[in-house]
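The values are calculated or read from the model by the stated rules, or taken from the named source; none is laboratory data. Being a predicted model, the structure only gives us computed values, none of them experimental. Cβ atoms come from the backbone with ideal geometry, glycine included; neighbour counts cover every protein chain shown.
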Amino acid sequence: MATFPLNAWYAAAYDVELGRSLLPRTICNQKIVFYRREDGTPVALEDACWHRLLPLSMGRLEGDEVVCGYHGLVFNGSGRCTHMPSQESVNPSACVRAYPVLQKHRFVWVWPGDPALADPALVPDLHWNDSPGWTGDGKLIHVNCDYRLVIDNLMDLTHETFVHGGSIGDRAVAEAPFVATHGDRFATVTRWMEGIQPPPFWAGQIRHARGYSGAVDRWQIIRFEAPCTVTIDVGVAEAGTGARGSEGVPGDRSRGVNGFVLNTITPETDKTCHYFWAFARNYCLHEQRVTHELREGVARIFREDESVLEAQQRAIDDHPGYTFYNLNIDAGAMWARRLIDRRIAAEASPAAAGRAIPIRPAA
Amino acid sequence: MATFPLNAWYAAAYDVELGRSLLPRTICNQKIVFYRREDGTPVALEDACWHRLLPLSMGRLEGDEVVCGYHGLVFNGSGRCTHMPSQESVNPSACVRAYPVLQKHRFVWVWPGDPALADPALVPDLHWNDSPGWTGDGKLIHVNCDYRLVIDNLMDLTHETFVHGGSIGDRAVAEAPFVATHGDRFATVTRWMEGIQPPPFWAGQIRHARGYSGAVDRWQIIRFEAPCTVTIDVGVAEAGTGARGSEGVPGDRSRGVNGFVLNTITPETDKTCHYFWAFARNYCLHEQRVTHELREGVARIFREDESVLEAQQRAIDDHPGYTFYNLNIDAGAMWARRLIDRRIAAEASPAAAGRAIPIRPAA
Amino acid sequence: MATFPLNAWYAAAYDVELGRSLLPRTICNQKIVFYRREDGTPVALEDACWHRLLPLSMGRLEGDEVVCGYHGLVFNGSGRCTHMPSQESVNPSACVRAYPVLQKHRFVWVWPGDPALADPALVPDLHWNDSPGWTGDGKLIHVNCDYRLVIDNLMDLTHETFVHGGSIGDRAVAEAPFVATHGDRFATVTRWMEGIQPPPFWAGQIRHARGYSGAVDRWQIIRFEAPCTVTIDVGVAEAGTGARGSEGVPGDRSRGVNGFVLNTITPETDKTCHYFWAFARNYCLHEQRVTHELREGVARIFREDESVLEAQQRAIDDHPGYTFYNLNIDAGAMWARRLIDRRIAAEASPAAAGRAIPIRPAA
């Protein structure tokens, strides 16, 4: 049983990671080599020479083509072999798989499934990562767990209290009521904590950005976009200034500070993943120190998660067939899992599932 | 085919290892977390949270209860969940397994089998470890082999000549005759070497303790207690002073020095074990230097065994189905293995075996 | 399906590696301990004591016999047990396997198959390694790949252009025509590059040895001897001085420099090998600096191969069932593989294959 759908855009690299050299990376159990053409457009090829399977990433770039580091076969960006050593003609069957690949919102995205379905409009919405009015930075970490454990983790922030008690967590989060909703492609968990004393992290942010130190209205709006992207709209505003808004209509957040934790988690294998995250904010846009501090602060928090996630993966491996029970706090993760499962099932039986789950771009 | 019975007390920790923090340890393939309640009594729980399987040992103690380090579920010392985050009621099925556990003779013992059979009187007899008139010290080492290879090793001290030639071994041991006997639960190997020159180790002990440097009567009385405890009564006395005694009646050892090598080897997995040992003596009781020297001396000897045992385990893995032949020297080990096998068989078919092997406390 | 024949002499050690101590080495998946008797003749025994399987290599030599490091059983060079501890008689079945073993051309050779077939005349021809008129040196490296990948590598020197571009490789090799021939036991690939500018390595050699710096005739004559030995006759001579000779008759190489790359690759397991190589030359025989320089230069080149070969092995493991296509350049490797396959098939069905592939000494 697959652990991920193949027909999806997966983040393969930060834009700045990819240049004029060969970058090997495993995505969804597939070894892929990435590079940029001279015009900057990204290429993604199967990372195994057609001839003797040597990883092409051990070869070298020559213009827009890759030369294998063993016998010198040359492949172009479409994966077609254009030169063989010691012979005039090239075997027409000689090629390696080329993957749809594009760049958007500061990530290079690859589509490991059916190329005919690779609609650029389906790239997950992470626009805060390169939009005016927002600034921030992020990292890529490698985690030895099924990517879905990271999703579970992000869909329930109760864990902040216990895993991150020293920084962002406090009892308020674990005890605050929340609302979980879902659609065909999204699942959200919304939690408002109104009129509370902010935890140390947020107290510092609002004091620095707005010079305010009193009670706040705090929010966490977690939005999952199938199969593996989670954005978390977080922030605090002066208590009672209307940040919450009314049903469906966003409130006035001008008296607050707002950030988005952007997460997209790409399966490397069934039990390991590439976890790309960034923290974008809408305040103190030009203070590099704040950017630096936030990036390192979030990195510290995610290292705490990493240790929990990897221990959890080992424990799951030790308990094959274990039946998991859901608590109230698992509502969001449960819906995320269902949307993932439907996508996987759709690929196992496309006809039936195609009707039930139209994959369409976000409106 | 199981390599160990489950219905037995296994040493899980030295008493001093266990305090007011969470100690994870795998016993008989089961991951267990140990801690002490505020009153000092030990607790042993399955080391996996009921909810998402995170090891409870990654959480923290709160009074007599454990708080899971992921979502904050709380379990008491009986394994029952007493608190869940963000909800008022607790799912009544929420619990983790609690194991019978007790402390005796300086070890914490756990019973991984049927709790109804966990009779405290069945704890192996290692009373020399905390009795007046005896003193000593020991260690815990981790060995990458089936615990039964350690038993084999201890049941035949011929190996001293070849593995420990530089310290306690000499030709006298390999060539001395021995007597092997057994019962339902015990197997013994007795070897007397009378009127010999003591090997360097014992020569030093008797000279220091009794100011004696001549010929000695030397004994090794190995007693196996199923399934994994071996005590070795060792010592030397002035030759001809009657240390041996007559059939069944211990002799006069007042002109000698006597020690007990106490060994209990707990299966960690089928191919790794926790080896607890101590050396207790009845002489120079208040000389801390002697205690220290003996502990480190024995530790050095056991490291030689460790290297042999781990090589042997790898060799056995390399030769599946190999038929082992027994030599005369294997008589004791052979009986120990039979008693272990009967206990394992008894658990596979309790009705039949229950009659043949009553498990009862030592008289 | 076996990856190597068992009825063959395999290099187990350089002559100087083996002395009066116990050398453990795995050959063709078999753990073997090697040592020399007091008279210098080599012995090869199964490296596992008959009694409890401890590697005999953990014991010690006593005269021409090995004493097991656990219980002291003694085995002679024929593998027969000659002593058991604590007993007068020795179980007549107590023995370990002894392998045919001999020394020739500076290697110790072992025959892991049927001892009745171990004809000393079948040792591969590596006489340049200890013949008058030749000098050189070599090394043993351990490579994590099927030994046949090393054979493939040596049978096609096109790879020099791409793997060793900085030293011996240039476009001339990849583009030069070659001739591949084969017999029952040998396969050869001959490549002449006449009237060319020598690559840096050969330019340096001929300048130093002959004071010549012009155009050269260059040759590479690769000879495979089944199942795992490859000699490469390499060199350059002043262009147009007749080095090539005519069909079947060697030319005049007196105006050139000649070397032999001697390679014999012994399977350790199905996916690892011991790669013994040496470089022998017929010029500057007494210049130790040249010997040193050549040995280290070749070692550097082979490390480049090692990295490619190990990556290729991992890639093959990742692509079970992959269909490999041969290019023109693969002709020599293809024949080498066929000769190996026939030897393996012959052992699977000796009657049929025995006729087709008489194993006989080189003429």
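Values computed for the structure shown
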quantity	calculated
Residue count for segment B:17-60, restricted to those that are away from chain A (no Cβ under 14 Å), polar (S, T, N, Q) and within 22 Å of the chain's Cα centre (by Cα)	1
Lone unmet requirement of (1) surrounded by fewer than 17 Cβ atoms within 10 Å (Cβ to Cβ); (2) modelled with pLDDT of 90 or more; (3) in contact with a Pro (Cβ under 9 Å, 6 or more places away or on another chain) for B:D146	(1)
Residues of segment A:288-320 that turn out to be over 20 Å from A:I222 (Cα atoms), within 12 Å of another protein chain (Cβ to nearest Cβ), of a type outside the set (S, T, N, Q) and out of contact with any Pro (no Cβ under 8 Å at 6 or more places or on another chain), as a count	8
Strands (runs of 3 or more DSSP E) fully within segment A:227-323 counting 2 or more residues that are in contact with a Cys (Cβ under 8 Å, 6 or more places away or on another chain)	A:256-269, A:272-281
Residue match in segment B:163-172 (condition: within 12 Å of chain C (Cβ to nearest Cβ) and modelled with pLDDT of 80 or more)	no
Counted residues, segment C:107-154 - those being among the charged types (D, E, K, R) and farther than 19 Å from C:L294 by Cα	6
Check on A:I222, within 21 Å of B:H71 (Cβ to Cβ), out of contact with any Pro (no Cβ under 6 Å at 6 or more places or on another chain) and outside the structural domain of A:W111 (by TED's automatic domain parsing)	yes
Matching residues in segment B:77-117 - criterion: being free of Cβ contacts under 8 Å to residues at least 60 places away in the same chain, surrounded by fewer than 18 Cβ atoms within 10 Å (Cβ to Cβ) and charged (D, E, K, R)	B:R80, B:E88, B:R97
Test: residue in segment B:301-309 that is within 30 Å of C:S57 (Cα to Cα) and in contact with a Phe, Trp or Tyr (Cβ under 6 Å, 6 or more places away or on another chain)	yes
Test set (1) under 21 Å from A:D305 (Cβ atoms); (2) modelled with pLDDT under 95; (3) among the charged types (D, E, K, R) - A:E88 fails condition number	(1)
Odd one out for C:D317 among (1) assigned by TED's automatic domain parsing to the domain that holds C:D184; (2) over 17 Å from the mean Cα position of the chain (by Cα); (3) of a type in the set (D, E, K, R); (4) at pLDDT below 95	(4)
Any pair with Cβ under 7 angstrom, 6 or more apart, that starts in segment A:306-329 at a residue that is crowded, with 16+ Cβ neighbours inside 10 Å and ends at one that is of a type in the set (V, I, T) and in a helix (DSSP H, G or I)	A:V308/A:V163; A:L309/A:V150
Wholly within segment A:32-147, strands (runs of 3 or more DSSP E) carrying at least 3 residues that are β-branched (V, I, T) and in the same structural domain as A:P227 (by TED's automatic domain parsing)	A:135-143
Scope segment B:113-158; condition among the acidic types (D, E) and in contact with a helix residue (DSSP H, G or I) (Cβ under 8 Å, 6 or more places away or on another chain); matching residues	B:D137, B:D146, B:D152, B:D156
Condition check for C:V150: touching a residue at least 40 places away in the same chain (Cβ under 8 Å) and outside the structural domain of C:R343 (by TED's automatic domain parsing)	no
Checking A:D270 against (1) within 14 Å of chain B (Cβ to nearest Cβ); (2) within 27 Å of A:K31 (Cβ to Cβ); (3) not hydrophobic (A, V, I, L, M, F, W, C), the condition it does not meet	(1)
